[in-house]
Structure formats: structure tokens, C-alpha cells
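Inspection log for the structure reproduced underneath, given as C-alpha cells.
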Amino acid sequence: MSLRIVVTVKYVPDATGDRHFADDLTVDRDDVDGLLSELDEYAVEQALRIAENSDDDVEVTVLTVGPEDAKDALRKALSMGADKAIHVEDEDLHGTDAIGTSLVLAKAIEKAGYDLVISGMASTDGSMGVVPALLAERLGVPQVTLLSEVSVEDGVVKGRRDGDTASEQLQASLPAVVSVTDQSGEARYPSFKGIMAAKKKPVTSWDLSDLDIEADEVGLENAYTKVESAAERPARTAGTIVKDEGEGGKQLAEFLASQKFI
Amino acid sequence: MAEVLVYVDHVGGVVRKPALELLTLARRIGDPVAVALGEGAADTAGTLAEHGAVKILTHDAAEYAEYLVVPKVDALQAAVEQVSPAAVLVSSSAEGKEIAARLALRIGSGIITDAVDLQASDEGPVATQSVFAASYTTTSRVTKGVPVITVKPNSAAVEQAPAAGAVEALNVTFSEQATGTKITSRTPRESTGRPELTEAAIVVSGGRGVGGAENFALIESLADSLGAAVGASRAAVDAGWYPHTQQVGQTGKTVSPQLYIAAGISGAIQHRAGMQTSKTIVAINKDPEAPIFDLVDYGVVGDLFEVVPQLTEEIKARKG
């Protein structure tokens, strides 16, 4: 038996950096350092754990869609322990929205071959959290998403989904699309050995023609949504700061009362 | 007037507050037609009619409780085909976003998630979003198909607007994918008696400075004195002091209450992403340099173990 896992990852601007929009109202990727989206590290981690806990022959492929620099995200995942990587890059992809991105990912996943797709719960930049559901819809396979615990055995994926009103146990047959939360388990740091080994691991590059996708199916001009304006949120006006000299709680209560909260 | 589909989040027939907020926004665009599914669906009609639903499409089947997401997508797709709406509105819960996304793909539409406001325009609804940890505000439109938009809780007021509210049965044929992911068990969350975090008008959150699980009682007492929900920073959740369901921040819940009180929270970007759009922000922290003080309307530099109990007592005294 073999199990082919494809982990989708995204290269995002560092959330601790000063993120901006470019003139065309896409995310400015030039002025802020990029990195593997933190939430995708959990997806890589779970893929590696499934591989380690399996008696089957498991192959973990990491897949990203993005500009040249996005290779850094793949390299990080490879150094954590993934086996190989696929990078979909094409200048026509600039400005592609979630619907278009899910098309590119789905085509690439099908071309790569898969039994299980694992994604993070959301990216740390667009943070829509819809790509895993879109992939399941496009691939026509079960969606087993937002898992805090996941296991794979005998062709069945099981997991726990913690929702607002209830915690649910889910189960589906492979092939399937899974997404995992940041509660699924701490992601490992790449070891020195892992970093060295990653340099020798294969990274395949595909463009849109490799995936039989036409340029008019993706990109900013063909997006299903349009950002019409982006304005920096005005800085909050400086508030009153007091040092507690024994009456801090009472002073705060006075403020809350003045604002009609009490 | 065009009809606007509103997907109704309810628990056994009790409509959740965000669904009523959607009705307020839907009325700006057209006549709200509500879709309620599963056990108790028909019981939602009275409340929905009071808040502006001209029609309520209902359907109950075991599949909604037994299988994940897809049966609801099938039903909403059937409703879109029946009504030909000008837009589809869904609450921005985790499930709501997944339902909306799959629906959008099926009906060839664009999707906007996590809107915080919605206005009508000649070219369709314009959604306001708060992005990059709330450092930017954007406006967007869906440019293809029927706009599918998910809206964050607390984005609009709940308004009384009595309407006909005729109940109609929705005809649903489940797709092959509907039974793909089985829900083998469901454990309801124990009710704390406090408001739901994303829906609460006031949120009191504790962070690293709270120092331990047992000390969260202080935060809870303050919350209860104000009728507030309790939140926690990632540091407090990762330390195991408070459940992840109550985490405020990028990987937890995003809240936008009238009043947000942060106790012992430094205000890392991760946390700010989840609370920065709160109307009034108050913080208590020992460190005068803590970044949270850049956001506050009122801040107290001091020991939360002194300030919080005094505040709670004072609130109780004032409320009599």
C-alpha cells in the first residue's frame, strides 16, 4: 500500500512586517519579507506525523502557487521533512482570487496524483479559510476540515472538529481533503540535517500550460471579485493612560460609567 | 424588489443573533428570503418574520446533522435556483464560510468573506472588510455571478421590521457528495451562561499576565459583573489556562464588541488582529511599554490582581 499526501502551502508576507497594498490593490509582496504561512506548518507537521505513524509507503509532496520567492516556503517544508515539492508559477497568475487559486491547486493536485490533501485552516494574509472547502468541491472528494486531531488508517481519515456549539468526530474514505488547525500539534523546527537534505530534494516547476489552464481563467482581470478601495485604518486617537496608585480599578470604573457601559 | 437569500444559523429552531444581523443588511439590498435547515427549521419563522424575512424556505432531513457541510450547500443551491436572488448572505462562522465558498463555486459566483458592512450600489452590494490585522479597510464587489458574501457577527444592529414571513417548503435533492463526510458523534459545548464570544457586546480577555488557569476566575468575575463574554490571548490558551474556543486573535476568534477589556495582554499583532476593530478598548497591564496601550481609549498601568478585583467591586457597587 502506498499513500500519496499533497500538502498545500502558501508563501505570505510576514504578519509582523508592515503589510501594504500595491497600486493595483493586490497584496504588496515586494516591501515585506515573505515566509511559509505559519498555519501551513501545522499541515506539513500532520502530513509528516501520518507518514511516521504509517506502515504504508507514504510520500509527502508540498505544493504552492506563487511567485519565484514562494520557493522559500517549499524549501522550509522540505527541510521539515517533506519528500518533494511542486511550484506552480506563471506571470498570468498575478492577482488571482480564491476561486481561481483553488482551480490551479486542484489541477496541480490531480496532475501530481493524491490520496490525501492536507491544508492549513487559513492563510495568514488573505485569511479567508475557504480554499480547503473549494478544493473538496472541485476534486469531488470528502471535505474533512478544521481538525484539531487527525488520523489515517485503512483508507479512512478520522478527526475532531471543534465548532462553536459542539465538538464533532468526523470520518471519511480516501481520497479526501483535510484541513488542520493550530491546535493539531506543534510544528517541528527543521534540523540541520533536514536543511541540508532539503537542498537535494526535487522541486518541480509547472506553469499554466502544464495544467491546461487558460490565462483567462485566472489573474486579476478575471477574478470573481474586485477590490475597489483600500485605506489604511486611521490610527486610534491616543487614549488616557493612568498609573495605578491604588485607585486604578475605581478610575477605570469611572471611565466605563462615563461611556455608559455601567 | 429583488430578493436576497439569507442563510439562517439556528440551534434547534432558536435563531442565532448573527442571522438577525444579516436580515438588517439584506433589507438594504432587497427583500430578505430566509433559508432554515434541519431540526426545528420551521420554528425559526416567527423570529425571522419579525426581523424582516418576507419568506422562509425550510427543509428538514437527517443528513443536515449526520454529514458535514455539503447537504447544506445542496439546499442553499436549491434555494438559489428557486429564488434567483440578487445576493446570498451567510454568517462568517467557520461552517458558514465553507458553505458559502462551495455554493459560490457551484453557481459560478465570486465570494467575499468576513464583511463588516454592506451597502447597496447600482453595481450590486459593496462589502467593507477589515484586513491585515485590521490595519486596512477595503471595499470590494463580486463581479461575476450572484454575489455570495459572508458577514462577521456584530457588523449590524438587530432591527425589528415585521414582514410577511410566509413559510414555504424547499425542495432539496442531495448530491452524491452530500454523504461523503460522516459526523460520527457530536458533543455539545457546555454552556457557561455567558454570551457567545463573537456575538457579545462586551468582551473581557485575559493573557499571559493572568499567570494561571485558576486566576481566570478574576477575569470571569469581571466579565459577569458586566454581562460580558470571556476571551483569552494565544499565550494563555497555549499555556492551557483557558479553552481554545475562547481564543481571540488571528488563529482564534475575531471580535468587534462595543467594549473590549484586555487584562494582562501585551497586544502582539496576533492578538490585535482579533480585536482591533472593537469600538472602545480598555487595557490593564503592568508594563507601560506594552503595545496594547497604543490601541486603548483608557489604560491602567498596574497589577491586574489589584486593579481587576477593585474594578469588579466598583461595577457591582454602581450597579447596586
Estimated inter-spin distance, A:Ile241 and B:Val11, nm [label 7 Å along Cα→Cβ]
4.0
A correct Karplus calculation of ³J(HN,Hα) over region B:259-269, with 6.51 cos²θ - 1.76 cosθ + 1.60, θ = phi - 60°, whole Hz and x for Gly and Pro, returns 9, 10, 10, 10, 10, x, 10, 6, x, 4, 3
Chain B: radius of gyration over Cα atoms, expressed as a fraction of 2.2 N^0.38 Å:
1.06
Any chance you could count the Lys pairs in region A:2-217 whose alpha carbons are under 14 Å apart, treating pairs 8 or more apart or on different chains as valid?
15
Under Stokes-Einstein, with the Kirkwood radius over Cα pairs standing in for Rh, what whole-number D in µm²/s applies to region A:1-116 at 10 °C and 1.306 mPa s?
106
For region A:203-262 and region B:61-100, what is the separation of their C-alpha centers, rounded to whole Å?
27
Working note, chain A: Cα radius of gyration (Å, one decimal) and Dmax (Å, whole number) are 21.6, 70
DSSP beta bridges in the protein assembly as shown: the antiparallel percent, rounded to 5, is 35
Please compute the length gained on full extension between A:Leu25 and A:Asn53, using 0.36 nm multiplied by the number of residues separating them and subtracting their Cα-Cα distance.
5.6 nm
What are the equivalent ellipsoid semi-axes of region A:173-224, built from the alpha-carbon gyration tensor (square roots of five times its eigenvalues), in whole angstrom, biggest first?
32, 21, 13
Counting helices only, and only those DSSP H runs with n ≥ 4, report the 222 nm mean residue ellipticity of chain A as the sum of -39,500 (n - 2.57) divided by its residues, in deg cm²/dmol to the nearest 500.
-8000 deg cm²/dmol
Just in region A:142-202: which trypsin sites (Lys or Arg not before Pro) are loop by DSSP and have at most 16 other Cβ atoms within 10 Å?
A:Arg188, A:Lys199, A:Lys200
Within 10 Å, at most 12 other Cβ atoms, and a DSSP state outside H, G, I, E, B define an exposed site. Report the longest part of chain B free of exposed GluC sites (Glu not before Pro).
B:1-122
For chain A, accessible area per residue (1.4 Å probe, heavy atoms of protein chains only), Å²:
46
Could you list the GluC sites (Glu not before Pro) in region A:132-234 that lie in coil according to DSSP, counting only those with at most 15 other Cβ atoms within 10 Å of their Cβ?
A:Glu186, A:Glu214, A:Glu221
Count the lysine pairs in region B:3-179 whose Cα atoms sit under 20 Å apart, keeping only pairs 8 or more residues apart in sequence or on different chains.
9
Need one number: nm distance between label points at A:Ile195 and B:Ala201, each 7 Å from Cα along Cα→Cβ, rounded to one decimal.
5.4
List every residue whose amide H lies under 5 Å from the amide H of A:Leu147, counting only residues 5 or more places away in sequence or on a different chain, with H placed 1.01 Å from N in the peptide plane.
A:Ser179, A:Val180, A:Thr181
Could you please state how large a percent of the accessible area of chain A is carbon and sulfur, counting protein chains only and using a 1.4 Å probe?
44
Suppose only helical runs count, i.e. DSSP H with n ≥ 4. What mean residue ellipticity at 222 nm does that imply for chain B under -39500 (n - 2.57) per run, divided by all residues and rounded to the nearest 500 deg cm²/dmol?
-8000 deg cm²/dmol
Please report the net charge: other residues with Cβ closer than 11 Å to the Cβ of B:Ala42, K and R +1, D and E -1.
-4
Please check region A:94-135 for residues whose accessible area, probe 1.4 Å, is lower by 10 Å² or more when all protein chains are in place than in their chain alone.
A:Ile99, A:Met121, A:Thr124, A:Asp125, A:Ser127, A:Met128, A:Gly129, A:Val130, A:Ala133, A:Leu134
Please report the antiparallel percentage of DSSP beta bridges with both residues in region A:1-146, rounded to the nearest 5.
20
Quick one: pull the percent of accessible area on region B:3-179 belonging to carbon and sulfur, 1.4 Å probe, ligands and nucleic acids left out.
46
Estimated FRET transfer efficiency (B:Glu159, A:Glu232; beta-carbon r; R0 35 Å; 0.05)
0.65
Chains B and A: accessible area buried, summed over both chains, 1.4 Å probe, nearest 100 Å², reads 7100
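In chain B, what % of DSSP beta bridges are antiparallel (nearest 5)?
Taking every DSSP beta bridge within chain B, about 25 percent pair in antiparallel fashion.
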Note to self: with every protein chain in place and a 1.4 Å probe, region B:15-74 gives an accessible area per residue in Å² of 28
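The values are calculated or read from the model by the stated rules, or taken from the named source; none is laboratory data. The structure presented is a predicted model; accordingly, all values stated were derived computationally and were not measured. When we count neighbours, we look across all protein chains shown, and the Cβ atoms used for this are built from the backbone with ideal geometry, even at glycine. Note: accessible area is taken over every heavy atom of the protein model, side chains too, but ligands, DNA and RNA are not part of it. Shrake-Rupley method; radii C 1.70, N 1.55, O 1.52, S 1.80 Å.
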